[in-house]
Amino acid sequence: MNMRKFGFVIAGMSLLAACALPPQSVSQQDIANYEAAVASIDCSMVHESDYLPVELQTGLTREQVKDITKYELAAGNAEALPEGGVKLITGACA
């Protein structure tokens, strides 16, 4: 691989890593609590009835839950479901 291609690979990896930064409004503990709460509802959040237990268990707002969900998708820890919503695919949900 020549240096120019190597530079593009490194730049692409940096951009990918930047996309997976945790939201500023939450802590690492909030993310861990979110993951445990989502695992407790069978790892998927599709309907309102899925989001409410996560909010109640974690004390997070809906906006924070949405932000963490976006982060989990960008980090490759979750996948979008065809019917809508997301499913965690790591940790207890693997």
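The values are calculated or read from the model by the stated rules, or taken from the named source; none is laboratory data. Computed from a predicted structure; not experimentally measured. Quick reminder, even Gly has a Cβ in these numbers, built from the backbone with ideal geometry, and neighbours come from all protein chains shown.
Annotations for the structure displayed:
- Residues located in the range 24-54, provided they are more than 15 Å from the chain's Cα centre (by Cα) and charged (D, E, K, R): Asp42, Glu48, Asp50
- Residues of the range 71-94 satisfying the condition of being surrounded by 15 or more Cβ atoms within 10 Å (Cβ to Cβ) and under 22 Å from Gln24 (Cα atoms): Tyr71, Glu72, Leu73, Ala74, Ala75, Asn77, Ala78, Val86, Leu88
- Matching entry among Val65, Val26 (being at pLDDT 95 or above and touching a helix residue (DSSP H, G or I) at 6+ places or on another chain (Cβ under 8 Å)): Val65
- Filtered residues of the range 53-70 (kept if touching a residue at least 12 places away in the same chain (Cβ under 8 Å), part of a helix (DSSP H, G or I) and surrounded by 14 or more Cβ atoms within 10 Å (Cβ to Cβ)): Pro53, Val54, Gln57, Thr58, Gln64, Val65, Asp67, Ile68, Thr69, Lys70
- With respect to the conditions (1) loosely packed, with under 13 Cβ neighbours inside 10 Å; (2) over 20 Å from Pro23 (Cα atoms), Ile41 falls short on a single one, namely (1).
- Positions within the range 75-94 being more than 9 Å from Val38 (Cβ to Cβ), among the aliphatic types (A, V, I, L, M) and in contact with a Leu (Cβ under 8 Å, 6 or more places away or on another chain), in sequence order: Ala80
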